[in-house]
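Take a look at the structure set out below.
The numbers here are math on the coordinates, done by the rules we state, and not lab data. Computed from a prediction, not measured in an experiment: that's the story for all the values here. Methodologically, a virtual Cβ is constructed for each residue, glycine included, from the backbone with ideal geometry; neighbour enumeration extends over all protein chains shown.
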Amino acid sequence: MLDDLAGKRTGERIQILRERRGLSRPVLAGLVGMSASWLKGIERGTRLPPRLPLLVKLAEALAVGDVAVLAGTDMDLGGAASVPVSSFARIPHDAVPAIREAIRDPLLTVPATLIDVAALAARAADAWLLWHQSAEHRTDVGRILPRLVTDARIAARTAEGSDRRAASAVLADVYALVQHEVVWASEAELTWTAADRAMTAAQDADTPEALAGAAWTLGMVQRGAGDTDAALTLAQEAAGLLQPRLEDADDETRGLYGALQLHAATTAARAGREGDAWRHWDAASVTAERLPDGYYHPWTMFGAANVKLHAVSISADLSRSAEARNRAEEIDPEEIPSRERRARLGVEIARSYHQRRDYPAMLHWLETAYATSADSVRYSPTARQMTADAVDHGGPLISRRARSLAGSIGLPL
């Protein structure tokens with residue numbers, strides 16, 4: 001029954017499968033958390049095809065077990081004949097159940113002893129440092145997050161005076177880390193809950209920095225869900241909160257402003273808005289130049305090296321593979337203080353070779369990224385897709401290596 005999909009664009013395929021299942025446009029759009037007008041644009045070809053994360057959601061809603069069925073003539077999945085939904089929709093992690101319980105606990109009663117907010121802030125900072133330094137950051141951070149979430153929630157309820165707002169700011173930071181931990185490893189609801197609670201805690205803290213940080217987190221979730229318009233608007237509004245304060249701001253505030261500009265740049269690139277993408281990237285680059293040499297924001301990792309890394313991502317998102325590789329050649333990986341971000345660089349370079357179907361080079365960079373930070377590859381839908389493509393299309397030269405990597409990241413073949 002797939003003959004009627006041959007030669008069709010992605011949007012046309014989605015419309016055919018939607019009508020075959022008897023779903024209205026508003027119903028299907030609602031199932032994936034988007035608007036009917038967004039889906040109309042996809043089906044009519046006035047919007048770019050959805051990226052893999054949202055394509056996976058559409059495949060699930062349409063009861064299609066293979067994402068490749070939705071990918072039409074206007075979308076390149078690297079020549080993959082099959083992209084099973086089960087391989088990309090969710091990659092479970094043992095830490096998630098305890099984190100979920102800590103978030104959902106109603107906490108009807110709390111200890112009478114007050115929690116030291118300064119010590120709590122130090123624990124949160126250490127957790128972010130672990131996230132960026134560990135080769136298996138999800139596992140290591142996952143061990144400490146449940147207790148940290150509970151203590152931060154208690155502190156935000158029990159602290160008094162100015163400590164109460166400070167505790168709320170810490171809680172917002174902790175929920176931001178939760179969002180990083182559970183994305184792609186849990187149900188989407190938990191990711192949205194973490195982002196929403198981060199914003200609520202930031203509103204209680206009532207500082208521009210807390211609100212901007214929570215917006216950065218929520219925007220990541222919106223972008224991951226494919227709602228690039230909302231994510232871009234949120235990033236711009238949050239940057240607007242900080243901009244009037246930049247002249248007299250400390251480095252952390254400037255770093256957060258720069259991180260929002262990079263978030264806006266990447267979001268615009270994924271929406272195909274090249275001019276906006278580079279305009280926001282330029283603003284981030286100027287911000288980085290105003291920071292001390294070697295500075296990086298403690299949890300967004302904003303700094304000069306991260307600006308260069310995002311140039312690679314933006315070029316790849318805009319399907320400019322040669323430019324992405326040229327940008328990557330300007331980066332010394334050792335300048336990037338985060339293992340997680342160094343591994344992401346490897347994945348982005350791999351993506352530029354994937355666009356050319358250069359599977360040996362692509363696999364080399366995926367293996368390099370895995371050696372740097374295993375979890376950055378294991379929990380990346382894009383890396384998993386590229387690994388599957390290397391197995392299917394890499395040929396005898398790299399098939400054995402590709403299968404070994406697939407086994408290491410838990411990718412069913």
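Computed values, structure above
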{"quantity": "Hz values of 3J(HN,Hα) by residue in region 294-299 - Karplus curve (6.51, -1.76, 1.60), Gly and Pro given as x", "calculated": "x, 6, 8, 5, x, 10"}
{"quantity": "Rounded if a/c under 1.5, otherwise prolate or oblate - the chain, Cα gyration tensor axes", "calculated": "prolate"}
{"quantity": "Long-range amide H partners of Asp66 with built H, under 5 Å", "calculated": "Val85"}
{"quantity": "Choice from Leu345, Leu232, Leu291 with maximal GNM fluctuation in the chain (Cα, 10 Å cutoff)", "calculated": "Leu291"}
{"quantity": "Principal-axis tilt of helix 274-289 within the chain, Cα atoms, nearest 10 degrees", "calculated": "40"}
{"quantity": "Environment charge of Gly224, counting only residues whose C-beta is closer than 12 Å and scoring Lys/Arg +1, Asp/Glu -1", "calculated": "+3"}
{"quantity": "Spin-label model distance (nm) - Asp250 vs Arg44, 7 Å beyond Cα toward Cβ", "calculated": "5.1"}
{"quantity": "From phi via Karplus (6.51, -1.76, 1.60), per-residue ³J(HN,Hα) for region 332-342 in Hz, x at Gly/Pro", "calculated": "8, x, 5, 6, 8, x, 10, 4, 4, 6, 5"}
{"quantity": "Sequence-distant residues sharing a close amide H with Ala185 (under 5 Å, placed H)", "calculated": "Ile91"}
{"quantity": "On Cα atoms only, tilt of 228-242 relative to the major axis of the chain in degrees", "calculated": "30"}
{"quantity": "Pair Glu334, Arg20: separation of 7 Å Cα→Cβ label points (nm)", "calculated": "5.5"}
{"quantity": "Relative exposure of Met362, Met75, judged by other C-beta atoms within 10 Å (fewest first)", "calculated": "Met75, Met362"}
{"quantity": "The chain: angle of helix 10-20 to the longest principal axis, Cα-based, in degrees nearest 10", "calculated": "80"}
{"quantity": "Summed residue charge, Cβ within 14 Å of Asp375's Cβ, Lys/Arg positive, Asp/Glu negative", "calculated": "+3"}
{"quantity": "Met34, Met386 arranged by Cβ crowding within 10 Å, fewest neighbours leading", "calculated": "Met34, Met386"}
{"quantity": "Shape call, region 207-337: gyration tensor on alpha carbons, a/c limit 1.5", "calculated": "oblate"}
{"quantity": "Charge dipole (debye, nearest 20) of the chain; +1 at Cβ of Lys and Arg, -1 at Cβ of Asp and Glu", "calculated": "1360"}
{"quantity": "Relative contact order for region 323-371, counting Cα pairs under 8 Å that sit 6 or more residues apart, in percent", "calculated": "36"}
{"quantity": "Protection proxy ranking of 212-225, 177-190 - average other beta-carbon atoms within 10 Å, highest first", "calculated": "212-225, 177-190"}
{"quantity": "Contact order relative to length of region 93-206, as percent, for alpha carbon pairs under 8 angstrom and 6 or more apart", "calculated": "29"}
{"quantity": "Relative contact order for the chain, counting Cα pairs under 8 Å that sit 6 or more residues apart, in percent", "calculated": "13"}
{"quantity": "Computed FRET value (nearest 0.05) for Val286 with Ser319, which takes r as the C-beta separation and R₀ as 25 Å", "calculated": "0.45"}
